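Everything below concerns the one structure shown next.
The values are calculated or read from the model by the stated rules, or taken from the named source; none is laboratory data. The structure presented is a predicted model; accordingly, all values stated were derived computationally and were not measured. Positions of Cβ are backbone-derived with ideal geometry, glycine not excepted, and every protein chain shown enters the neighbour counts. Remember, those area values only see protein heavy atoms, side chains included, never the ligands or the DNA or RNA. Shrake-Rupley method; radii C 1.70, N 1.55, O 1.52, S 1.80 Å.
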Amino acid sequence: MRVHHILKSIFFSTGTAGGLARVTALVLLSGYALCAPEHSMQPVRVCEVLQDLPAYNGKTVAVIGRYSFRPTGYFLSEQICDRKLTTGAFVWPNVLRVSFDGKAAPKPPVPLEVDGGTIYRKLHAIERHTALAHIRFGTPDYDRWAVVYGRVETKKEFLAPTPPAHADPAKFDPAPARLVTASADVVIFVDAHPDDQ
């Protein structure tokens, strides 16, 4: 892609998984990197949150990872983190449950500006060990790369003195924390690296 200064659209999802409408937000790119204003948010990875969960608990952040829709809900995940999150011998899945709550969630800024250069750098690192699922007879919307804006909340299961009996990472269960977000309007799908277009 031969570009010096271009306007590029990042798509936001709206509605349900059954029908994803899209609206666009314009972000300024210089070459291949986002020329982010000083007040733009720096996205963090799922692994970064989980490996320092007490510090992130209660904080409002933009988290990048594999965004998955399953019968049990919506999730952000990575397959492998540098360090495992454990309670005794129990190993927690590298997962944040995404909870939509228009009343309790932090109100997103308007416009919601996230540093695009950081998005692509962190996505490149995530793709080294995390793959999107290819579900037979499914649609690509079951697994997407995405950035989600919300507040991190440690789940009561993680704080309990006795850990769960077992974990099922394939079903993203049990998640040690959740990301409380206002609506699907603040789920930013990342479709490709700029140099792949």
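Find the residue count for segment 104-121, including only residues that are crowded, with 18+ Cβ neighbours inside 10 Å and part of a helix (DSSP H, G or I). Residues meeting the conditions: 5. Inside segment 29-78, residues that are surrounded by 14 or more Cβ atoms within 10 Å (Cβ to Cβ) and either among the aliphatic types (A, V, I, L, M) or at pLDDT 85 or above (or both) make up a count of 34.
Restricting attention to segment 79-103, the residues that are in a loop (DSSP other than H, G, I, E, B), open to solvent by 30 Å² or more (accessible area, probe 1.4 Å) and modelled with pLDDT of 90 or more total 8. Could you please find all residues in segment 60-106 being touching a residue at least 60 places away in the same chain (Cβ under 8 Å) and charged (D, E, K, R)? Those that are touching a residue at least 60 places away in the same chain (Cβ under 8 Å) and charged (D, E, K, R): R66, R70, R97, D101. Identify the residue in segment 151-197 that is among the small types (G, A, S) and within 29 Å of G88 (Cβ to Cβ) and, among all such residues, is modelled with the highest pLDDT. Among residues in segment 151-197 that are among the small types (G, A, S) and within 29 Å of G88 (Cβ to Cβ), the one modelled with the highest pLDDT is A177. The one condition from (1) among the basic types (K, R); (2) surrounded by fewer than 16 Cβ atoms within 10 Å (Cβ to Cβ); (3) within 18 Å of the chain's Cα centre (by Cα); (4) at pLDDT below 90 that R136 does not meet is (3).
Across segment 103-121, the qualifying residues are those that are among the hydrophobic types (A, V, I, L, M, F, W, C) and touching a strand residue (DSSP E or B) at 6+ places or on another chain (Cβ under 7 Å), and the one among them that is nearest to D191 (Cα to Cα) is I119.
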